[in-house]
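Each remark here refers to the structure printed beneath this line.
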Amino acid sequence: MCGIAGFLELERRSGTQALEAIAGAMAATLAHRGPDARGVFADAEAGIALGHTRLSIIDLSPAGAQPMISANGRYVIAYNGEVYSANELRPELEALGHRFRGHSDTEIIVEAVSEWGLPATLDRLIGMFAFALWDRQERRLSLVRDRLGIKPLYWGRQNGRVVFASELKALEALPDWRPELNADALASYLRLSYVPSPHAIYRGIDKLAPGHIVTIDQHGKADVSAYWSLLEVARRGLASPPDVGDGQAVNIFETLLGDAVSRRLVSDVPLGAFLSGGIDSSTVAAMMRAHSNAPVRTYSIGFDEDRYDEAPHAKAVAEHLGTEHTELYVTPAEAQDVIPDLPAIYDEPFADSSQVPTYLLSKLTRAHVTVALSGDGGDELFAGYTRHRFARLLANMPESLGRGLACGLNFAGPSVWDRLFDWLPAKKRPSLAGDKMLKAAAMLQEGGEAGAYRSLISAFDDPGAIVRTGRELKLPLDDGALAKTLPDGLDRMQYLDTLTYLPDDILTKVDRASMAVALEVRVPILDHRIVEWSWRLPSRFKMRHGKGKWLLRQVLYRHVPKELVDRPKSGFAIPIGSWLKGPLRSWAEDLLSERRLAAGGLLNPAPIRALWREHLEGRRNWQAPLWTVLMFQAWREPRGL
């Protein structure tokens with residue numbers, strides 16, 4: 001994995017040496033993404049500069065160095081990612097007369113583009129990637145992001161330049177960088193706990209959307225287009241369901257997933273897997289065990305608090321599969337020590353509190369291997385989230401009944417619900433039961449599937465009451481025409497989760513946490529062929545009897561006994577709520593003081609202070625909205641915004 005950065009200077013005002021210096025400074029900020037090597041390419045006549053930092057995974061020799069120029073001299077590429085179809089493309093290209101200097105996938109991409117062109121090459125790529133491609137003949141810069149948004153790419157205009165980078169911190173190295181905060185993006189962040197694509201926290205800078213290309217000519221004219229559309233994949237898939245029974249569907253999926261995992265086992269450096277003991281990570285580990293000739297190494301972290309500790313489940317699965325398993329129990333102090341570093345790691349406001357254990361797990365894993373496989377994507381593709389079960393429940397529930405249930409759920413506070421659920425056996429007891437019951441009440445109170453979904457994904461239900469000047473951005477959820485294309489509520493939720501929450505929250509969390517310690521994470525369930533096939537499946541293959549991920553479970557049960565993995569979904573959580581009332585209270589109180597909240601005139605302190613008081617008094621657990629504000633405050637203050 002790597003980091004890329006660069007720019008196209010439209011006024012051609014700098015010499016080659018100056019261009020190289022700027023691109024080199026940008027790349028230096030991304031050294032954590034690629035600690036093994038650094039390179040730049042610049043052409044003063046064209047005004048182009050590309051920077052690259054390298055984490056060597058495939059072809060560790062100088063033959064894999066970047067930026068890389070095609071053999072015919074026309075194309076220059078700076079690339080971040082892995083392409084798992086490279087070994088199939090290489091013999092095709094060799095048959096057409098191409099000769100290769102090394103065996104890196106970077107060289108395969110740039111030679112494929114020189115042979116087939118960019119669009120045709122993208123059709124052939126299986127993998128995760130974000131890259132900048134400079135066409136020296138046409139003087140045209142193309143920026144490309146993979147279909148699911150696994151790898152990040154920011155771009156925009158600053159001071160007469162079209163700029164791009166893997167992370168925002170690289171843009172801070174530009175001369176005369178003067179960022180302006182996007183208050184509208186802030187409003188949406190306060191709802192979602194992340195800044196939604198294609199927007200960024202700064203005005204004039206965007207995230208390139210998954211499955212998109214932006215092409216910039218020498219005059220700065222930009223054309224943004226999609227080469228892969230999730231909506232089209234969903235529409236076509238639902239229109240052509242396969243005529244298969246249960247057994248056939250399980251066989252097909254196991255074959256597809258086995259191939260996806262096998263491709264991701266190719267590495268010139270040590271490789272392992274994250275293992276939580278849940279359905280997704282256990283299935284990936286089982287597939288690794290089935291398709292690897294070498295011992296499989298797995299990694300997990302645990303916490304002393306039983307409600308948040310999944311390490312025993314992971315250990316049981318690892319013992320059954322016979323993996324070489326490593327676990328680390330993290331103290332609250334060790335987890336809390338990570339928190340001050342989060343704003344620098346994530347670069348823009350980001351408030352999924354599982355960012356803390358994800359970073360700790362990445363750090364543990366990187367001490368042993370350079371590449372890790374993860375189970376991300378299973379919930380989105382196979383209806384694994386709690387909200388997906390609610391979608392099915394709401395489909396046949398009158399709104400009046402839902403609002404009545406909401407009143408009943410709200411009658412008891414979260415602590416009462418927690419005590420009631422404590423009567424259940426540990427294996428059947430959901431984590432944070434009280435909070436989930438009140439979240440369910442808020443969802444039911446909204447009425448209708450769209451309102452319920454919006455409630456479930458919101459940290460703040462009314463960001464306009466918090467942000468003084470910003471107005472929420474229009475989200476895909478606001479598209480009224482979506483119900484015509486995807487009339488089933490469950491399909492719509494899965495689509496929206498895959499389009500938004502997956503790349504902007506889950507994959508962002510994993511990318512920044514893992515890249516902060518120079519660990520490459522591969523996500524086989526998000527192989528685009530699996531994504532496309534999953535959209536052809538009727539919902540009965542995803543959810544049955546109120547339980548999601550039916551198909552994933554059937555594959556896993558062929559390798560791991562049910563009793564080791566069947567339990568309520570818990571997520572990758574930490575006790576942020578109790579920490580804010582305990583060891584983090586002083587830190588939080590400082591950031592949430594009325595003076596600091598009011599600084600800059602962006603936030604309205606009164607409603608935030610009210611939540612903070614209720615949280616401290618134990619009336620409600622407001623950890624999600626408070627964490628969202630805290631992460632913004634911790635991010636903006638060092639930047640003087």
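Within the range 127-170, the set of residues being surrounded by fewer than 21 Cβ atoms within 10 Å (Cβ to Cβ) and either part of a loop (DSSP other than H, G, I, E, B) or at pLDDT below 95 (or both) comprises 136, 137, 138, 139, 158, 159, 160.
When each of 25, 71, 86, 46 is tested for being in contact with a helix residue (DSSP H, G or I) (Cβ under 9 Å, 6 or more places away or on another chain) and within 18 Å of residue 134 (Cβ to Cβ), the lone residue that passes is 71. Quick one: in the range 109-126, of everything that is crowded, with 24+ Cβ neighbours inside 10 Å and among the aliphatic types (A, V, I, L, M), which residue is farthest from residue 31 (Cα to Cα)? The extreme case among them is 112.
In the range 444-456, the residues that are closer than 20 Å to residue 501 by Cα and outside any helix (DSSP H, G or I) never reach a residue that is modelled with pLDDT of 80 or more and among the charged types (D, E, K, R) with C-beta atoms less than 9 angstrom apart, at least six apart or across chains. Going by the conditions given, is residue 63 in a strand (DSSP E or B), over 19 Å from residue 215 (Cβ atoms) and free of Cβ contacts under 8 Å to residues at least 60 places away in the same chain? Considered against the rule, which asks whether it is in a strand (DSSP E or B), over 19 Å from residue 215 (Cβ atoms) and free of Cβ contacts under 8 Å to residues at least 60 places away in the same chain, residue 63 comes out as no. Residues in the range 313-362 that are surrounded by fewer than 16 Cβ atoms within 10 Å (Cβ to Cβ) and either more than 25 Å from residue 577 (Cα to Cα) or touching a His at 6+ places or on another chain (Cβ under 9 Å) (or both): 319, 322, 324. What are the residues in the range 66-107 that are under 19 Å from residue 522 (Cα atoms) and either touching a residue at least 60 places away in the same chain (Cβ under 8 Å) or in contact with a His (Cβ under 9 Å, 6 or more places away or on another chain) (or both), if any? Selection gives 79, 80, 81, 82, 84, 85, 86, 87. It is to be established whether one or more residues within the range 472-489 are over 21 Å from the mean Cα position of the chain (by Cα), within 18 Å of residue 349 (Cβ to Cβ) and part of a loop (DSSP other than H, G, I, E, B). Checked against the condition, which is being over 21 Å from the mean Cα position of the chain (by Cα), within 18 Å of residue 349 (Cβ to Cβ) and part of a loop (DSSP other than H, G, I, E, B), the range 472-489 yields at least one hit. Among the residues of the range 298-313, those that are under 26 Å from the mean Cα position of the chain (by Cα) and over 22 Å from residue 553 (Cα atoms) comprise 301, 302, 303, 307, 308. Sub-9 Å Cβ pairs linking a first residue in the range 241-253 that is in a helix (DSSP H, G or I) to a second residue that is among the small types (Gly, Ala, Ser), at least 6 apart or interchain, are 253/534, ordered by first then second residue.
Restricting 596, 553, 567, 636 to residues that are assigned to a loop (DSSP other than H, G, I, E, B), among the basic types (Lys, Arg) and surrounded by 14 or more Cβ atoms within 10 Å (Cβ to Cβ) narrows the list to 567.
Pairs meeting the criteria (first residue in the range 266-277 and touching a residue at least 60 places away in the same chain (Cβ under 8 Å) and within 26 Å of residue 310 (Cβ to Cβ), second residue of a type in the set (S, T, N, Q) and assigned to a strand (DSSP E or B), beta carbons under 8 Å, at least 6 apart or on different chains) are 272/298; 273/298; 274/298; 274/300; 276/300; 277/300. Number of residues in the range 171-197 that are closer than 22 Å to residue 456 by Cα, assigned to a loop (DSSP other than H, G, I, E, B) and of a type outside the set (Ser, Thr, Tyr) equals 2.
Checking 606, 573 one by one, the residue that is of a type in the set (A, V, I, L, M) and part of a helix (DSSP H, G or I) is 606 and no other.
Of the candidates 511, 491, the single residue that is of a type outside the set (Gly, Ala, Ser) and either closer than 20 Å to residue 536 by Cα or without any contact (Cβ under 8 Å) to a residue 60 or more places away in the chain (or both) is 491. Please find, among 294, 333, the residue that is over 25 Å from the mean Cα position of the chain (by Cα), under 23 Å from residue 261 (Cβ atoms) and small (Gly, Ala, Ser). Just one listed residue meets the conditions, 294. Residue 64 meets each of the listed conditions (1) closer than 18 Å to residue 269 by Cβ; (2) in contact with a strand residue (DSSP E or B) (Cβ under 7 Å, 6 or more places away or on another chain) apart from (2).
The values are calculated or read from the model by the stated rules, or taken from the named source; none is laboratory data. All values derive from a computational prediction rather than experimental measurement. Neighbour counts are summed over all protein chains in view; Cβ atoms, including those assigned to glycine, are modelled from backbone coordinates with ideal geometry.
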